[in-house]
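Q: Submitted below is the structure of interest, expressed as structure tokens.
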Protein chains: 2
Amino acid sequence: MSLAQLEYFVVVAEEGNLGRAAKRLHVSQPPLTRQIRALEDELGAPLFARTPRGMTLLPAGRRFLTHARDVLERLDRARGAVREASDIDEPTS
Amino acid sequence: MSLAQLEYFVVVAEEGNLGRAAKRLHVSQPPLTRQIRALEDELGAPLFARTPRGMTLLPAGRRFLTHARDVLERLDRARGAVREASDIDEPTS
DNA sequence: CGCGCCCATACCGATTGGGTATGGGAGCGC
DNA sequence: GCGCTCCCATACCCAATCGGTATGGGCGCG
């Protein structure tokens, strides 16, 4: 599992559609297909139902979505914590 | 930034030493050197002080450590959430 | 000074990841 | 039913990433 996969997953879940998600992520659609599938394989359960209209979250996917967002948010805070620390050393540099 | 880098960082911080951390992580020492440096480069601040005795956390590193552990813990919960969900579908299979 | 313990660098091979091109299913208008 | 459109999936290729071995350089200790 990679952080990119988590972000891809969140965006695909939000867009409900690989094509639009790909544009938002500035990647092409095939890598998205692969990464989402790799994520599902690793987790051992499908996260989306593939319909002719797009990708819709399954129950497992809904549960995972909350946690995935949580992980990404905590990651942002981690980055922020380092910036704060260096701000202490170099206040207004 | 990658999840592997976060885990590498946590273990190096705990061991205070690249060699021991490498053993615990089942990788060799050079990749650790590189990944830790890449992490520092991306964050824009050094996390460790390199001494002849090993690697000791700097203030920025200490702050980051807490958050890094948090991210990894949330990731475990995310995995767990999917397992729970599939347990509902397949209780004791 | 020779040895041990550190981390850093150089180089190489294997894996991963993204891109283009293409296919196949499902709905819609005519 | 044909053609058009909008989906996702697959095949194939190239570039970037990652990990491993080999090696070097600093530092302390007997």
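Q: Given a 1.4 Å probe, how much area per residue of chain A is accessible, in Å²?
A: Numbers: 5240 Å² over 93 residues.
Heavy-atom SASA per residue in chain A reads 56 Å².
Q: Per residue of region B:26-32, in order, report the coupling 6.51 cos²θ - 1.76 cosθ + 1.60 (Karplus, θ = phi - 60°) as ³J(HN,Hα) in whole Hz, putting x for Gly and Pro.
A: Listing the rounded values in order: 6, 10, 8, 5, x, x, 5 Hz.
Q: So how much accessible surface do B and A hide from each other in total, probe 1.4 Å, in square angstrom to the nearest 100?
A: Its buried surface, counting both partners, is about 2200 Å².
Q: Rounded to a whole number, what % of the accessible area of chain A do carbon and sulfur atoms account for, probe 1.4 Å?
A: On the way: 2570 of 5240 Å².
Here it works out to 49 percent.
Q: Relative contact order (percent) for chain B, with alpha-carbon contacts under 8 angstrom and 6 or more residues of separation?
A: Working: 71 pairs, mean separation 25.4, N = 93.
For chain B, the relative contact order is 27 percent.
Q: Can you give me the long-range amide H partners of A:Leu58? Hydrogens built in the peptide plane at 1.01 Å from N, cutoff under 5 Å, separation of 5 or more residues or another chain.
A: It is A:Phe48, A:Ala49, by chain and number.
Q: Give the whole-number value, in cubic angstrom per residue, of the convex hull volume spanned by the C-alpha atoms of chain B.
A: Details: hull volume 10.1 nm³, N = 93.
Measuring per residue, one finds 108 Å³ for the Cα hull of chain B.
Q: Also, quick follow-up: Once each part is reduced to its C-alpha centroid, what is the distance from region A:14-50 to region B:1-78 in angstrom?
A: 30 Å
Q: Would you be so kind as to identify which of B:Leu72, B:Pro30, B:Thr51 lies farthest towards the positive end of the dipole of chain B, taking Lys and Arg as +1 and Asp and Glu as -1 on Cβ and the Cα centre as origin?
A: B:Thr51
Q: Please give the calculated 222 nm ellipticity per residue for the protein assembly as shown, where each DSSP H segment of at least 4 residues contributes -39500 (n - 2.57) and the sum is spread over every residue; nearest 500 deg cm²/dmol? Before the final figure, lay out each step's value.
A: Values: 8 runs with 134 residues, N = 186.
Result for the protein assembly as shown: -24000 deg cm²/dmol, rounded to the nearest 500.
Q: Check each residue of region B:29-70 and keep those whose accessible area, probe 1.4 Å, is at least 50 Å² smaller with all protein chains in place than in the chain alone; give them in order of residue number.
A: With the partner chains in place, region B:29-70 has these residues losing at least 50 Å²: B:Arg63, B:His67.
The values are calculated or read from the model by the stated rules, or taken from the named source; none is laboratory data. Because the structure is predicted, anything quoted here is derived from the model rather than measured. Cβ coordinates were reconstructed from backbone atoms using ideal geometry, including for glycine residues, and neighbour counts include every protein chain displayed. Surface areas here come from the heavy atoms of the whole protein model, side chains and all, with no ligands, DNA or RNA. Shrake-Rupley method; radii C 1.70, N 1.55, O 1.52, S 1.80 Å.
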